[in-house]
Amino acid sequence: MLECPFTPVTVTAISRFHISVRWPWAQPDPAPGNIDWNGDFAIPTPGSREAQRLYYRTEPAADRLRAGDTCLVGIPPTVVHVVATHHFDPPLITGMLPRPATLLEVLPQGESHTPESEFEEQEFAIDPAGGEPIRLELLLRPYAFLAVGDEVADRRGRAWRFEGPWAWSPFDHDRPRTPTWPLTLLARDGESPPEQTAAVARATATGSHAQELRRWTELTKAEPTSPPDD
């Protein structure tokens with residue numbers, strides 16, 4: 001669940017497709033040679049293509065505002081699913097402070113990632129530790145009992161590498177491409193820790209990959225991003 005509480009801002013400019021407001025949660029980055037940000041933030045107007053995507057909203061709607069008006073800006077409570085995470089060391093230079101060290105790319109409930117939209121900025125990027133008072137509540141983490149890179153064996157004895165909930169790599173490169181529960185943890189970081197091994201066994205004693213997928217799709221109302229076939 002994603003939310004950004006609505007906060008008063010001043011409208012600084014209006015154009016056909018965007019409304020600019022004085023952003024209350026960031027400051028210009030004074031580093032020499034950096035991006036020169038003027039303190040304004042552009043929000044899509046209802047008639048723009050971007051307005052159909054998850055984004056900050058104004059109250060009242062942008063098409064009812066004029067330069068100099070005061071309005072509210074925020075994000076109403078929205079169920080989202082994380083498409084990608086990015087980590088930056090050193091933090092990313094954007095022209096704003098604070099500089100993000102982590103960005104999450106998310107899509108709203110009901111919207112699936114489509115590869116052909118890669119260059120249309122389909123996802124909405126947020127800095128979970130930035131200046132905006134973003135609130136995030138974890139509703140579901142599929143396969144929460146596994147870590148990326150874990151090696152497991154399924155009920156049929158097939159060995160797998162866990163690359164993510166919907167990205168399984170069978171060691172035999174055969175099909176099907178999802179494991180059959182229960183699962184046995186074979187290795188994590190080159191070891192076989194007994195506590196984690198027992199936790200994986202308990203978590204997969206009942207249920208199935210199909211049920212884990214069903215839990216996710218019921219919340220997201222979307223299709224997961226599938227890895228490309230070899």
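The values are calculated or read from the model by the stated rules, or taken from the named source; none is laboratory data. Quick caveat: nothing in here was measured; it's all calculated off a predicted structure. In this analysis, Cβ positions are derived from the backbone assuming ideal geometry, glycine residues included, and neighbour counts consider all displayed protein chains. To get the accessible areas, we keep the full protein, side chains included, count just its heavy atoms, and leave off ligands, DNA and RNA. Shrake-Rupley method; radii C 1.70, N 1.55, O 1.52, S 1.80 Å.
Taking the Cα centre of the range 1-127 as reference, the dipole from Cβ charges on Lys and Arg (+1) and Asp and Glu (-1) amounts to some 500 debye.
Accessible area per residue for the range 124-230, computed on protein heavy atoms with a 1.4 Å probe, is 60 Å². For the pair Asp172 and Phe6 in one chain, pulling the backbone fully straight at 0.36 nm per residue adds 54.6 nm over the alpha carbon distance.
Sites listed here are trypsin sites (Lys or Arg not before Pro) in the range 44-124 whose DSSP assignment is loop and whose Cβ has at most 12 other Cβ atoms within 10 Å: Arg66. Any idea what log10 I(q)/I(0) is at q = 0.10, 0.14 Å⁻¹ for the chain, Debye with uniform C-alpha scatterers and no solvent? Rounded to two decimals, the profile gives -0.61, -0.98. How far is helix 194-203 tilted off the main Cα axis of the chain, in degrees rounded to 10, range 0 to 90? Taking Cα atoms only, the helix is inclined about 80 degrees. For the pair Arg141 and Arg214, label points projected 7 Å from Cα toward Cβ lie 2.4 nm apart. For the range 121-230, the set of trypsin sites (Lys or Arg not before Pro) satisfying both a DSSP loop assignment and a count of at most 14 other C-beta atoms within 10 Å is given as Arg155, Arg156, Lys221. Net charge dipole, the range 86-225: roughly 720 debye, given to the nearest 20, about the Cα centre with Cβ charges of +1 for Lys and Arg and -1 for Asp and Glu.
With the simple model of a label 7 Å out from the Cα in the direction of the Cβ, Ala198 to Glu163 spans 3.3 nm.
When the chain is fully extended, how far beyond the present Cα-Cα distance does Ala13 get from Asp63, taking 0.36 nm per residue of separation?
Value of the extension gain: 16.8 nm.
Diffusion of the range 122-230 by Stokes-Einstein, at 20 °C in a medium of 1.002 mPa s and with Rh set to the Kirkwood radius over alpha-carbon pairs, works out to 138 µm²/s. Using Cα atoms only, what is the angle between the long axis of helix 209-220 and the major principal axis of the chain, expressed in degrees (0 to 90) to the nearest 10? Here the helix axis deviates by roughly 10 degrees. Near the amide H of Thr12, within less than 5 Å, lie the amide hydrogens of Ser20, Val21, Arg22, Gly68, all on another chain or at least 5 residues away, with H placed in the peptide plane. Any chance you could tell me what percent of the C-alpha pair distances in the range 1-118 go past 18 Å? Cα-Cα pairs in the range 1-118 separated by more than 18 Å: 61 percent. So what does log10 I(q)/I(0) come out to for the range 146-207 at q = 0.19, 0.20 Å⁻¹, using the Debye formula with one equal point on every Cα and no solvent? Scattering profile of the range 146-207, log10 relative to I(0): -0.62, -0.69.
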